[in-house]
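Asker: Here you go, one structure.
What follows is calculated from the coordinates using simple rules that are stated; it is not laboratory data. Everything quoted here is computed from the prediction, not taken from an experiment. Heads up, the Cβs are rebuilt from the backbone with ideal geometry, glycines too, and the neighbour counts pull from every protein chain shown.
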Amino acid sequence: MFRIRHCRPLLLLAAVVFSPAAHAVPTEVSADILTPLELSEMHRLGFGAFIPSGTPGTVGSNKLPGTNGIARTAPGFTGMYQVTGEAGMNYSVTHDTTVQLQKGGDTMQATLALTLGGVALDATGHDIFGISGTLSVGANQAAGDYSGTFNVTVSY
């Protein structure tokens with residue numbers, strides 16, 4: 001009898017482990033396909049027109065005067081972009097933080113910053129954001145039309 005008493009727990013464990021009962025649970029699966037984001041440039045970033053001085057300074061993409069004697073003759077403007085995509089969704093903007101403007105062998109560098117918007121699409125799936133900048137101008141910077149390019153990317 002001693003042996004049978006000690007074997008009972010093992011027999012019960014074997015009955016539970018090798019039980020033929022199985023349970024199935026129906027499980028649903030889903031996928032949401034979002035409207036792809038589209039980015040369009042509404043107005044390009046510009047630093048306007050100005051006259052450099054004999055001292056290095058800066059000029060912004062706004063209507064404010066330049067620094068260190070730089071005389072602005074036409075205002076700058078913030079670059080404006082429109083994003084379209086899935087209504088109500090948040091999105092992010094990444095962009096180059098600097099851009100080099102050049103004319104022949106002459107160069108100037110601008111630092112760039114996100115301004116206005118750039119957080120979420122409205123109920124119609126649209127948003128507008130801006131990128132502004134500050135341009136470093138050398139002492140007696142050579143006259144001419146300077147240009148450059150930078151990258152802007154939007155993602156969910």
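Asker: Fewest first, what order do Tyr91, Tyr81 take by the number of other Cβ atoms within 10 Å?
Answerer: Listed from fewest to most nearby Cβ atoms, that is Tyr91, Tyr81.
Asker: Please report the spacing between the Cα centers of the stretch 112-156 and the stretch 35-106 in Å, no decimals.
Answerer: Here the answer is 5 Å between Cα centres.
Asker: Rounded to the nearest 500 deg cm²/dmol, what is the calculated helix-only ellipticity per residue at 222 nm for the chain, with -39500 (n - 2.57) per DSSP H run of length n ≥ 4?
Answerer: Calculated mean residue ellipticity at 222 nm is -3500 deg cm²/dmol.
Asker: Sort all Cα-Cα distances of the chain into consecutive 10 angstrom bins from zero, then give the percent of pairs in each bin up to the one containing the longest distance.
Answerer: 9, 27, 18, 12, 7, 5, 6, 6, 6, 4, 1, 0
Asker: Let me ask you something else. Given points 7 Å out from each Cα along the Cα-Cβ axis, report the Glu41 to Gln100 separation in nanometres with one decimal.
Answerer: Result: 1.9 nm between the two label points.
Asker: When a footprinting reagent is the concern and you count Cβ atoms within 10 Å, what order do Val99, Val119 take, fewest first?
Answerer: Val119, Val99
Asker: Nothing charged except the Cβ atoms of Lys and Arg (+1) and of Asp and Glu (-1): what's the magnitude of the dipole of the stretch 34-155 about its Cα centre? Round to the nearest 20 debye.
Answerer: 480
Asker: To the nearest 0.05, what FRET efficiency results for Ser155 and Thr111 with a Förster distance of 25 Å applied to their C-beta separation?
Answerer: The computed FRET efficiency comes out at 0.65.
Asker: Can you sort His23, His43, His95 so the residue with the fewest Cβ neighbours within 10 Å comes first?
Answerer: His23, His43, His95
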